[in-house]
Amino acid sequence: MEANATERPGGSQAPDMPAHVAIIMDGNGRWATQRGLPRAQGHRAGVEALRRTVRAAGDIGIRYLTIYSFSSENWSRPQSEVLDLMALLKRFIRKDLADLHKNDIRVKIIGRRDDLAPDILALLVEAEDLTRDNTGLTLVVAFNYGARDEILRAIQRVAEAVGECRIDPAEIDEKMVDRNLDTAGIPDPDLLIRTSGEQRISNFLLWQCAYTEFVFLPVYWPDFGQDELTAAIEEFRTRERRFGGLVANTGS
């Protein structure tokens, strides 16, 4: 049974507080455009929203917060925007890592690492190493991440084990795939929030979101904060989580 859920007849659950919230932080550029500002200013405002949200998640009691910070497809954006995003990442880690560590937050990075610039990779490793033993909120940062790529890499690792006769193909199951994903050891998201009004998940946590509840908010990410997070959680708490089962006496 998932954490913080009350079991109901027929295999459904009435959710209480989600243990794991994932967020697609969308709308920085449109927020800036509406205000006649450069897109870079929207990304900077988005970093402030991230700070607010991390604090709010810890205060509310969420155990895992996963953020879609930079997808593997984002490299196709204009070079100037990519460079600005990388500079913001570096600034965030250098400025905020000490505070995250002080507040007992563990940082976990998911995504492909073999093609990252050495200075970026070093910062990501530093963030993980410094906070590895922290026991508060786990902040999962999806960086250079794409869900299809993650699943493909997991399949390749399983196939390699089969080829080396370390496992039999008949032993392959969902748990084995889970163990080879970037999110190994992290529970699946209970709730996924996407800002900006878009209603898609954009190659984010495709395997892990099989039974996740989605909440799409019309607010742009730079305007997101504790009120919006609380509203999304309240919406989550109204949902029937069936996990493939039936709600008693309804047949639905």
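Values in this text are rule-based calculations from the coordinates and carry no lab data. For clarity, every value in this text was computed on a predicted model and none was experimentally measured. Quick reminder, even Gly has a Cβ in these numbers, built from the backbone with ideal geometry, and neighbours come from all protein chains shown.
Structure notes:
- Local electrostatic count at LEU88 - Lys and Arg +1, Asp and Glu -1, tallied over other residues with Cβ under 15 Å: +3
- With an a/c value of 1.5 or above and a/b not larger than b/c for the gyration tensor axes a ≥ b ≥ c computed over the alpha-carbon atoms, the range 64-110 is described as oblate.
- Size of charge dipole - the chain - debye, nearest 20, with Cβ of Lys, Arg +1 and Asp, Glu -1, no other charges: 660 debye
- Efficiency of FRET between ASP115 and CYS165 - r from beta-carbon atoms, R0 30 angstrom, step 0.05: 0.50
- In loop segments of the range 147-237 as defined by DSSP, there are no chymotrypsin sites (Phe, Trp or Tyr not before Pro) with at most 11 further C-beta atoms inside 10 Å of their C-beta.
- With the helix formula -39500 (n - 2.57) applied to DSSP H stretches of n ≥ 4, the chain reaches a computed 222 nm mean residue ellipticity of -13000 deg cm²/dmol.
- Coarse-grained scattering of the chain at q = 0.08, 0.12, 0.15, 0.16 Å⁻¹, given as base-10 log I(q)/I(0) from a Debye sum over alpha-carbon atoms: -0.34, -0.76, -1.15, -1.28
- For ALA147, neighbours were defined as the other residues whose beta-carbon sits under 13 Å from its Cβ, and their charges (Lys and Arg +1, Asp and Glu -1) total -1.
- Under the criterion of Cα pairs below 8 Å and six or more residues apart, the relative contact order for the chain equals 31 percent.
- The residues neighbouring ARG112, those whose beta-carbon lies less than 9 Å from its own, together hold a net charge of -3 under the Lys/Arg +1, Asp/Glu -1 convention.
- Looking at the chain, the DSSP beta bridges with both ends there are about 15 percent antiparallel.
- Shape category assigned to the range 117-211 from the gyration tensor of Cα positions, a/c cut at 1.5: oblate
- Rh (Kirkwood; distinct C-alpha pairs) - the range 31-107, Å: 13.9 Å
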